[in-house]
Amino acid sequence: MAYRNLPTIFKVVAFRDAMKTGDLNEVATRTGYSYDMISKTMRGLRNNDTIVNTAYRLVKDRNPLVFS
């Protein structure tokens, strides 16, 4: 799982670039955290590696600039 070696900010930016409608809800469903917590984490207001890794895994194949 090479994505664990990537900096957190890279994963957040990659998610924001490749995000589609409903992706925050999908991350909330997969992690069990609230939508509000997911939103705050992806805006950089909170730190949560579980949320960031789940979000990154969701979109990593959508963006050609993201390497696995």
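The values are calculated or read from the model by the stated rules, or taken from the named source; none is laboratory data. In this text the structure is predicted, and so the values were computed from the model without any measurement. For neighbour counting, all protein chains shown are included, and Cβ atoms are generated from backbone atoms with ideal geometry for every residue, glycine included. We work out accessible area using only protein heavy atoms, side chains counted, and drop any ligands, DNA or RNA first. Shrake-Rupley method; radii C 1.70, N 1.55, O 1.52, S 1.80 Å.
Summary table below
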{"quantity": "From the options ASN25, ASN47, residue that is out of contact with any Lys or Arg (no Cβ under 8 Å at 6 or more places or on another chain), of a type in the set (S, T, N, Q) and part of a loop (DSSP other than H, G, I, E, B)", "calculated": "ASN47"}
{"quantity": "Test result for ARG30, modelled with pLDDT of 90 or more and outside any helix (DSSP H, G or I)", "calculated": "no"}
{"quantity": "Any hit, the stretch 60-68, residues being assigned to a helix (DSSP H, G or I) and of a type outside the set (S, T, N, Q)", "calculated": "no"}
{"quantity": "Breaking point among (1) open to solvent by 50 Å² or more (accessible area, probe 1.4 Å); (2) under 10 Å from the mean Cα position of the chain (by Cα); (3) modelled with pLDDT of 90 or more, for VAL52", "calculated": "(1)"}
{"quantity": "Candidate set from the stretch 22-34 (those that are open to solvent by less than 70 Å² (accessible area, probe 1.4 Å) and in contact with a Phe, Trp or Tyr (Cβ under 7 Å, 6 or more places away or on another chain)); member that is farthest from LYS60 (Cα to Cα)", "calculated": "ALA28"}
{"quantity": "From the options MET37, MET19, residue that is closer than 16 Å to ARG57 by Cβ and open to solvent by 20 Å² or more (accessible area, probe 1.4 Å)", "calculated": "MET19"}
